[in-house]
1. Could you name the lysines in cross-link range of K325, using Cα to Cα under 29 Å and dropping any fewer than eight places away on the same chain?
2. Against the longest alpha carbon principal axis of the chain, how many degrees, from 0 to 90 and to the nearest 10, is the axis of helix 212-247 turned?
3. Once a ≥ b ≥ c are taken as the square roots of the eigenvalues of the Cα gyration tensor of region 237-348, is the result rounded (a/c under 1.5), prolate (a/b larger than b/c) or oblate (a/b not larger than b/c)?
4. Rounded to the nearest 500, what is the 222 nm mean residue ellipticity of the chain from helices alone, with -39500 (n - 2.57) per DSSP H run of 4+ residues and division by all residues?
5. Keeping all protein chains in position, work out how much accessible area W284 exposes to a 1.4 Å probe, and write it in Å² to the nearest 10.
6. Could you give the accessible area per residue of the chain, probe 1.4 Å, as a whole number in Å²?
7. Would you work out the relative contact order for the chain, in percent, from Cα pairs under 8 angstrom that are 6 or more residues apart?
8. Between 0 and 90 degrees, rounded to the nearest ten: what's the tilt of helix 68-81 against the longest Cα principal axis of the chain?
Amino acid sequence: MNLSLTEEQELIASTAREVLAARAETAGARAVDGDPAGYSAALWKEMVELGWTGLAFPEEHGGVGGDFLDVCLLFEQLGYAQVPSPLPASVACCGMPVARFGTSGQKERWLSAIADGQVVTATPLPWDRPGEGPAATRDGDGFVLDGTATFVPFAASAENILVVARLDDDPHAFWVDASDVTLQPLETIGPGRPCHAELAGVHVPEDHALGPAAAEAISLFGAAATCAEMVGAAQRVLDMTVQYATEREQFGRAIGSFQAVQHHCANMAIDVLGSRFIAYEAIWLLSANRDAAQEVAMAKAWVSEAYERVCALGHQVHGAIGFTKEHDLHLFSEHAMTTSLAFGDADLHLDHLAADLNL
């Protein structure tokens, strides 16, 4: 695995950082907090015009011809700038499973729609609660879905939802029109607006169904995308903390000159670097269309806890100012709480790894 970015990838990352930094005041987590959509519609339109929504898809389906690693560079910058966006849900959780496991007709329809800016989202199975979640039954030329999917991101803005439901005890994915689903908005930490999605006798035609491989891919790509976002956010917390340590003076000298503060910053840097390596190894394997289930589980387990440690040490160095609403550090702490739980927390993934390794 070569973790060095190509010249094009460097350009993708730098351009994304510049764009998001310039829009953070109007589209960042603080700006959209309280907005029913949970993200900036104006920035979303700009992302579509920049080709971000189609970056990972082939050109014949309206994309740019990049891969999953390319778009994860965008997810990392979303985390760095703390800009909420349906981009990971639409592209990683919905687009990538269709790109890998959809039929030619499904690719033509859904990848083109996502690249054109249609907001879609997905509902992975609750792995921590086996047997729960929506269920599907066969019905003539299609299927009928019943049950409730929990914590569906950006569901209120989505035109379609890729629902994972159990069919004959195996998970399958089904495209569902959002108007056929009853949404219950949830009050959660941060600007995101997840919902519970209730399906009651929703009929899905045959050509809207994807198999078990696509259902599993939703969680794999979603977890990997979340890791990329957490890496970017952890890097930002490190950068903020180092800058603060060089500027804040106590006892007549910068606090960054004190050994204890240097140790905190060094430990943060180790966690950020380790998170980047383990996350992008999993992302690289997924981009190469190789088996990456264990690597994604290891990445999600490690990065979730490392990001929380980085935020905790950042608060230690910042002291009281880091706990005020006016300072941005609390946005990252809230983000760490939500992303560490998304697609399974560290304990869940460690349990799966232990089971795979017969430990």
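1. Within the straight-line cut-off, K325 pairs with K300.
2. Long axis of 212-247 versus the principal axis of the chain: about 10 degrees.
3. On the way: a/c = 3.16, a/b = 2.07, b/c = 1.53.
Prolate shape, in that a/c is at least 1.5 and a/b is the bigger ratio.
4. On the way: 11 runs with 174 residues, N = 359.
It comes out at -16000 deg cm²/dmol, rounded to the nearest 500.
5. My reading of the accessible area for W284 is about 80 Å².
6. Numbers: 15990 Å² over 359 residues.
Result: 45 Å² per residue.
7. Working: 687 pairs, mean separation 57.8, N = 359.
Dividing the mean separation by the residue count of the chain yields 16 percent.
8. Tilt relative to the chain: about 50 degrees.
The values are calculated or read from the model by the stated rules, or taken from the named source; none is laboratory data. Given the structure is predicted, the values throughout are model-derived calculations rather than measurements. All Cβ positions, even for glycine, are placed from backbone atoms using ideal geometry, and neighbour counts span all protein chains on display. In case anyone asks, the SASA skips ligands and DNA or RNA and just uses the protein heavy atoms, side chains included. Shrake-Rupley method; radii C 1.70, N 1.55, O 1.52, S 1.80 Å.
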